[in-house]
1. Taking only segment 82-115 into account, find how many residues are of a type in the set (Ser, Thr, Tyr) and over 16 Å from the mean Cα position of the chain (by Cα).
2. Using the structure shown, decide if His128 is closer than 19 Å to Arg91 by Cβ and not aromatic (Phe, Trp, Tyr).
3. Could you please find all residues in segment 12-40 being away from ligand 2 (no atom under 16 Å from the Cβ) and within 14 Å of Arg75 (Cα to Cα)?
4. With respect to the numbered conditions (1) modelled with pLDDT of 95 or more; (2) under 18 Å from Arg169 (Cβ atoms); (3) of a type outside the set (Lys, Arg), which one is the sole condition not fulfilled by Leu76?
5. Give me the residue from segment 116-136 that is more than 15 Å from the chain's Cα centre (by Cα) and polar (S, T, N, Q) and, out of that set, modelled with the highest pLDDT.
6. Just give me the residues in segment 129-155 being over 23 Å from Thr196 (Cα atoms), away from ligand 1 (no atom under 13 Å from the Cβ) and not small (Gly, Ala, Ser), in sequence order.
7. One residue is enough: does segment 138-149 have a residue meeting the conditions away from ligand 2 (no atom under 15 Å from the Cβ) and either at pLDDT 95 or above or over 23 Å from Phe38 (Cβ atoms) (or both)?
8. Among (1) of a type in the set (Val, Ile, Thr); (2) away from ligand 1 (no atom under 11 Å from the Cβ); (3) exposed (fewer than 14 other Cβ atoms within 10 Å of the Cβ), where does Thr117 come up short?
Amino acid sequence: MSKLFRAVILGPPGSGKGTISERVASIFGLQHLSSGDFLRQNITANTEAGILAKTYIEKGALVPDHVMTRLMLPRLEEMTRHSWLLDGFPRTLAQAEALNSACDLDVVISLNIPLETLKERLRHRWIHPASGRVYNMCFNPPRVQGVDDITGEPLIQHEDDKPEALVARLRHYKDVAKPVIDLYRAKGILHMFSDTETDRIWPYVSSLLSAKIPTDHADVQRATTH
Ligand SMILES: Nc1ncnc2c1ncn2[C@H]1C[C@H](O)[C@@H](COP(=O)(O)OP(=O)(O)OP(=O)(O)O)O1
Ligand SMILES: Nc1nc2c(ncn2[C@@H]2O[C@H](COP(=O)(O)OP(=O)(O)O)[C@@H](O)[C@H]2O)c(=O)[nH]1
């Protein structure tokens, strides 16, 4: 890859950001930084930001903008020599503005997935907490039920993926995300994908990135055949 590439993936919980990000990372060689995973690592490591964030996450609330930007921007600084894809950040307009002042984005991918589909997916989502690996009991089940493929450790379900918490969480997401989407649309870098299936969205995301990322011929070929 000759030129550095900066991308963001936006979408409500369950829209497939993590799933698509993993494919992008493995096929296009971008570093995938998930704000949720990074927060959880900070909580486990008991960092100052992790301790602060924990109280909000336990309540199912968003972490305040100043905590998020103080956590994410230095991490991005460490990645200046890499091409990257951000997932879960920015989540609010204030975060998007902070990111704006730190770097220029090339592409923003926005996933637009029907509410019923999101609810159905999250009901079946299971996670390996230590790595952030995500499974779905229908779409990509683990090889052994309830157990992570790589480590053999147990899988858990997030409290806020359970049906009672879901609808409020999805509604709240919409309100907060709208100004972020509007900002990127106004900048002319927003690419919106609407469907109920990740596998139908993926070829479009893949060709968008193939067109935007200058890769060698072999990489492009691999990407378009996935
Ligand atoms: N950019 C952010 N701003 C504020 N809070 C955040 C941000 N990213 C993550 N969080 C918080 C919200 C959640 O309480 C927690 C976990 O985030 P995340 O792993 O993204 O799970 P999520 O269930 O909210 O979204 P998703 O299902 O899309 O992964 O961290
Ligand atoms: N049935 C189905 N499940 C999917 C599809 N794409 C992703 N999933 C699953 O839906 C859940 C949410 O996906 P995830 O990538 O975690 O979305 P995120 O919350 O936006 O990061 C996970 O359990 C995925 O395995 C799909 O096209 N169909």
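The values are calculated or read from the model by the stated rules, or taken from the named source; none is laboratory data. Since the structure is predicted, the reported quantities are computational estimates derived from the model, not experimental observations. Ideal geometry is used to build each Cβ from the backbone, glycine not excepted, and the neighbour counts take in all protein chains shown.
1. Total meeting the criteria: 1.
2. Values: closer than 19 Å to Arg91 by Cβ: no; not aromatic (Phe, Trp, Tyr): yes.
In short, no.
3. Within segment 12-40, the subset away from ligand 2 (no atom under 16 Å from the Cβ) is 28-29, 31.
Correct list: Gln31 only.
4. All conditions pass for Leu76, except number (2).
5. Thr117
6. Answer for segment 129-155, where residues must be over 23 Å from Thr196 (Cα atoms), away from ligand 1 (no atom under 13 Å from the Cβ) and not small (Gly, Ala, Ser): Arg143, Val144, Gln145, Val147, Asp148, Asp149, Ile150, Thr151, Glu153, Pro154, Leu155.
7. Taking segment 138-149 as the starting set, the residues that turn out to be away from ligand 2 (no atom under 15 Å from the Cβ) are 144, 147.
Right, trim to either at pLDDT 95 or above or over 23 Å from Phe38 (Cβ atoms) (or both) and you get 144, 147.
Yes; the residues of segment 138-149 include at least one that is away from ligand 2 (no atom under 15 Å from the Cβ) and either at pLDDT 95 or above or over 23 Å from Phe38 (Cβ atoms) (or both).
8. (3)
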